[in-house]
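The values are calculated or read from the model by the stated rules, or taken from the named source; none is laboratory data. Bear in mind that the values here come from a model prediction, so they are computed numbers and not experimental data. Note that we place each Cβ from the backbone using ideal geometry, even for glycine, and neighbour counts take in every protein chain shown.
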Amino acid sequence: MRTKLVVAAAAFALLIAVGIGVIRHARQPALSESAPLTLHSGLYAVSTAPATQGHLISAGRVAALSCSRFHAAAGTGICLRPDGPLATYQVVVVDDQLREKDKFPLVGLPNRARVSPSGRLLAWTVFVTGDSYNNGKFSTRAGILDTATGDLVGTLEDFTVRPSAAADRNFWGITFTSDDDHFYATMSTRGHRYLVYGSVSGRSVSVVRDGVECPSLSPDGTRIAFKSAVDGDPARGWRLSVLTLSTGAVVPLAEARSVDDQAVWLSTSTVGYALRRPGGADVWAVPADGSGTPSLLLADAESPAVLSSSS
């Protein structure tokens, strides 16, 4: 059965205004009705619709590939997915035809996924204890795979932290720069959540500032979209903002609802993110300068990723 239209007219107006011509409105067809799906320029997401739940979708097509979290760049994708009937998972590397290139076991519940702009480095975050940021008693593990060399960073907890951090530190939400070495991430220690800047080759991270979670680096490398706990209390939810790295200025975005997601940059001027709701999730978009209002981009979907024509 075909599901409802997944893009509202208001979202079209926003996308036209910000120049994201690669995203089109469409229905989410049943899997058997789908044309073959490949990684090309456009918007991708994981479906939460009952008929196609967990499958990768784009431009009205549904892939056979099923994931809990997905991201892609430059023709390489990362899929975090369940591995059999038990509570075990896999990291799966896919090519531009969504064919599996590699896979290996993943310990923990998938939470975040990222691919570097070149497609070389893959990153993931999993919960290894607990099930929520809200309960204050959770542990995460963030890893990185270099697809060119096969080198694997099992956890950022093995990296040197400058200045030094307590043994209770956790990392999550990696986002890569364009040099296939440096990255930003979140580090939690002693009740604070910090933005850190790291080097894969140097096996080290440096603290940048407090109060930044799930960073997402803009395409031009100048700004970071992030979430921060309202009044420092995750139980009150999170607010999306954008940090300008050169000045330290922070602009709250026009999305006032709680966003528990690692945002994506749909363009240099627009941020996308998933909002959970009973029975599913939807992908929304909002201007990155704090203006405007949120617009529904894709219904019944989460884990959005955008590939540009240059990817």
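Numbers below:
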item	result
The range 238-251 residues that are part of a loop (DSSP other than H, G, I, E, B) and at pLDDT 95 or above, paired with ones that are buried (at least 18 other Cβ atoms within 10 Å of the Cβ) and among the aliphatic types (A, V, I, L, M) (beta carbon under 8 Å, 6 or more apart)	Leu245/Ile224; Ala249/Leu243
Selection status of Leu65, in a loop (DSSP other than H, G, I, E, B) and over 16 Å from the mean Cα position of the chain (by Cα)	no
Selection count, the range 257-271, where residues are of a type outside the set (Ser, Thr, Tyr) and in a strand (DSSP E or B)	4
Number of the exception - Ala167 against (1) at pLDDT below 95; (2) part of a strand (DSSP E or B)	(2)
Matching residues in the range 260-291 - criterion: being crowded, with 23+ Cβ neighbours inside 10 Å and either among the charged types (D, E, K, R) or in contact with a His (Cβ under 7 Å, 6 or more places away or on another chain) (or both)	Asp261
Matching residues, the range 33-58, being in contact with a Phe, Trp or Tyr (Cβ under 9 Å, 6 or more places away or on another chain) and part of a loop (DSSP other than H, G, I, E, B)	Leu37
Members of the range 260-276 found to be under 14 Å from Pro294 (Cβ atoms) and either at pLDDT below 95 or hydroxyl-bearing (Ser, Thr, Tyr) (or both), listed by number	Thr270, Tyr273
Selected residue [part of a strand (DSSP E or B), in contact with a Ser or Thr (Cβ under 6 Å, 6 or more places away or on another chain) and not aromatic (Phe, Trp, Tyr)] from Ala274, Ala305, Ala254, Ala281	Ala281
Residue check, Val128 surrounded by fewer than 18 Cβ atoms within 10 Å (Cβ to Cβ), more than 16 Å from the chain's Cα centre (by Cα) and hydrophobic (A, V, I, L, M, F, W, C)	yes
Some residue of the range 190-208 being at pLDDT 95 or above, among the small types (Gly, Ala, Ser) and under 22 Å from Leu275 (Cβ atoms)	no
Some residue of the range 234-257 being more than 20 Å from the chain's Cα centre (by Cα), under 24 Å from Thr140 (Cα atoms), surrounded by 23 or more Cβ atoms within 10 Å (Cβ to Cβ) and among the aliphatic types (A, V, I, L, M)	no
For Thr222: the one exception among (1) over 21 Å from the mean Cα position of the chain (by Cα); (2) surrounded by fewer than 20 Cβ atoms within 10 Å (Cβ to Cβ); (3) modelled with pLDDT of 95 or more	(1)
Count - residues of the range 81-103 that are free of Cβ contacts under 8 Å to residues at least 24 places away in the same chain, within 23 Å of Ser139 (Cα to Cα) and either loosely packed, with under 14 Cβ neighbours inside 10 Å or not polar (S, T, N, Q) (or both)	5
Filter result for Asp210 (surrounded by fewer than 17 Cβ atoms within 10 Å (Cβ to Cβ), under 17 Å from Gly143 (Cα atoms) and not polar (S, T, N, Q))	no
Qualifying residue in the range 213-235 (condition: without any contact (Cβ under 8 Å) to a residue 24 or more places away in the chain, touching a strand residue (DSSP E or B) at 6+ places or on another chain (Cβ under 8 Å) and among the charged types (D, E, K, R))	no
Verdict on Ala148 being in a loop (DSSP other than H, G, I, E, B), modelled with pLDDT of 95 or more and over 17 Å from the mean Cα position of the chain (by Cα)	yes
Hey, Ser178 touching an Asp or Glu at 6+ places or on another chain (Cβ under 6 Å), surrounded by 12 or more Cβ atoms within 10 Å (Cβ to Cβ) and assigned to a loop (DSSP other than H, G, I, E, B) or not	no
